[in-house]
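The values are calculated or read from the model by the stated rules, or taken from the named source; none is laboratory data. What you see is a predicted model, and the numbers here were worked out from it, not measured in a lab. Virtual Cβ from ideal backbone geometry, glycine too; neighbours counted across all protein chains shown.
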């Protein structure tokens, strides 16, 4: 995960989730029905689950939702307003997965 983060984001550290959009770039039209790929680091997810006091499954669901929102165009790194918007959507979707 660290190598992927370094190569594609220029950040030389590990991370919990990465999203790779297939609707961007020169080959975006090849498979328009696919949003992209989401890569989740299970070791990081395990640590975060312990720290947050919930199950690994719940942490992976949360990371999957986060990655999916990135593929849909949400980006918490664009500023505080975008971060709040993304957090609200994450909360909404996580409530639905708990039902």
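Worth pointing out:
- Selection within region 29-55 - in a loop (DSSP other than H, G, I, E, B), buried (at least 17 other Cβ atoms within 10 Å of the Cβ) and touching a helix residue (DSSP H, G or I) at 6+ places or on another chain (Cβ under 7 Å): 35
- Among the residues of region 29-43, the ones that are more than 18 Å from residue 74 (Cβ to Cβ) and at pLDDT 95 or above come to 3 in all.
- Subset of region 67-79 [under 16 Å from residue 15 (Cα atoms) and either touching a helix residue (DSSP H, G or I) at 6+ places or on another chain (Cβ under 6 Å) or surrounded by fewer than 16 Cβ atoms within 10 Å (Cβ to Cβ) (or both)]: 75, 76, 77
- Residues of region 3-28 satisfying the condition of being in contact (Cβ under 8 Å) with a residue 24 or more places away in the chain, under 16 Å from residue 75 (Cβ atoms) and not in a loop (DSSP other than H, G, I, E, B): 17, 18, 19, 21
- Test: residue 67 is in contact with a strand residue (DSSP E or B) (Cβ under 8 Å, 6 or more places away or on another chain), in a helix (DSSP H, G or I) and at pLDDT 95 or above: yes
- Residue 86 being over 10 Å from the mean Cα position of the chain (by Cα), in contact (Cβ under 8 Å) with a residue 24 or more places away in the chain and either assigned to a helix (DSSP H, G or I) or crowded, with 16+ Cβ neighbours inside 10 Å (or both): no
- Set side by side, the residues 47, 78 differ, and just one is more than 11 Å from the chain's Cα centre (by Cα) and at pLDDT 95 or above, which is 47.
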